[in-house]
Structures are given as structure tokens and as C-alpha cells.
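Undergrad: Sharing a structure below in C-alpha cells format, with a few things to ask.
The values are calculated or read from the model by the stated rules, or taken from the named source; none is laboratory data. No experiment lies behind these values; they were computed from the predicted model shown. Note that we place each Cβ from the backbone using ideal geometry, even for glycine, and neighbour counts take in every protein chain shown.
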């Protein structure tokens, strides 16, 4: 496999483009989805709390507290099927992000 070399300007342009895509995906999350569920989905796809806060118009502390609460509730081993409406919403949001992964964004 050959290596590709890019300069700082190209890296910044690529980073800016990826940032725009991520923000678009966050915008596409279902409107009826709670902020906590949005935080969970965005965190699970690897977005940092500071970026999530910016995307959702809240503070990094709010995001960190929500993630902490989610982590604690998961550690209590609450089954995913305990709240089917919540699970369906989260699955729908993940499906939206998965669907966008298959689109060609190289243009």
C-alpha cells in the first residue's frame, strides 16, 4: 500500500470538510430525539464532548455530565429493550449515520 503525502493546507481543508459532514449528520438526528440520546449517539461514533457541545449548542460540562449519567446507567445493566421507544430512536439515528457512510463524499 502506498502512502499519500498531504501538506498542512490540504490537511486543514480535509479536516474542515469532515467537520462539516459531522455537523450535518448531527443536524440530521431526529428532532424528537432527546438531547441525552443525541449526546450518546454522537459520543458512540467518537466525537469528543467539547465538539458535541458545540454541535448541540450546549456546554461541554452538560455533555460530560450526561455521558457520566449514561455510563452509570449502563453499568447498572439496564437492558436495551427496557424502553423500546428509546431504542428505536437510537437505532434510527445510527441508521442515518450508517447510511451516510455509504455515500460518496469524495467530490
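Undergrad: Taking segment 1-40, which residues are closer than 26 Å to residue 73 by Cβ and not in a helix (DSSP H, G or I)?
TA: 28, 29, 30, 31, 32, 33, 34
Undergrad: Being buried (at least 16 other Cβ atoms within 10 Å of the Cβ) and over 17 Å from residue 62 (Cα atoms) is the filter here, so list the residues in segment 27-39 that pass it.
TA: 29
Undergrad: In segment 41-57, which residues are in a helix (DSSP H, G or I) and surrounded by 14 or more Cβ atoms within 10 Å (Cβ to Cβ)?
TA: 41, 42, 43, 49, 51, 52, 53, 54, 55, 56 - these are the residues of segment 41-57 that are in a helix (DSSP H, G or I) and surrounded by 14 or more Cβ atoms within 10 Å (Cβ to Cβ).
Undergrad: Say whether the condition of being exposed (fewer than 15 other Cβ atoms within 10 Å of the Cβ), at positive phi and either at pLDDT 85 or above or not in a helix (DSSP H, G or I) (or both) is met by at least one residue in segment 71-91.
TA: yes
Undergrad: Any residue that is at pLDDT 90 or above and within 10 Å of the chain's Cα centre (by Cα) - is there at least one of those in segment 52-69?
TA: There is at least one residue in segment 52-69 that is at pLDDT 90 or above and within 10 Å of the chain's Cα centre (by Cα).
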